[in-house]
Amino acid sequence: MANGTKGIGKPDSDFVRVDTLNHILNVAVTPLHAIDTVMMQITGKTQDVLLFETSTIGQCCPRLVLNSVLYNGSEVYTLAKGPSVAILLK
């Protein structure tokens, strides 16, 4: 589990799947608010901050979309630019 903050500074947990063969972490974040923050720390490395901004689109069948992701303050994903998967190297 990854420690994150959801809402007004309330710690919560999110799903992290570790692919040890390919050295990949897959993080599943379920946003509860328009802006959510996840803080992760890999042993021996500095703490990383992911900032997610979401919105709901559609009126008859609303769905949640990911507008942008910042990784340690740098933009790594926007809805307008893509990609659908962001690869963050540590």
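Couple of notes before you dig in:
- Residue satisfying all of: in region 19-36; exposed (fewer than 10 other Cβ atoms within 10 Å of the Cβ) and not polar (S, T, N, Q); modelled with the lowest pLDDT among these: ALA28
- If you go through region 46-81 and keep only what is more than 10 Å from the chain's Cα centre (by Cα), within 19 Å of HIS33 (Cα to Cα), touching a residue at least 12 places away in the same chain (Cβ under 8 Å) and assigned to a strand (DSSP E or B), you end up with THR54, SER55, LEU64, VAL65, ASN67.
The values are calculated or read from the model by the stated rules, or taken from the named source; none is laboratory data. Because the structure is predicted, anything quoted here is derived from the model rather than measured. Heads up, the Cβs are rebuilt from the backbone with ideal geometry, glycines too, and the neighbour counts pull from every protein chain shown.
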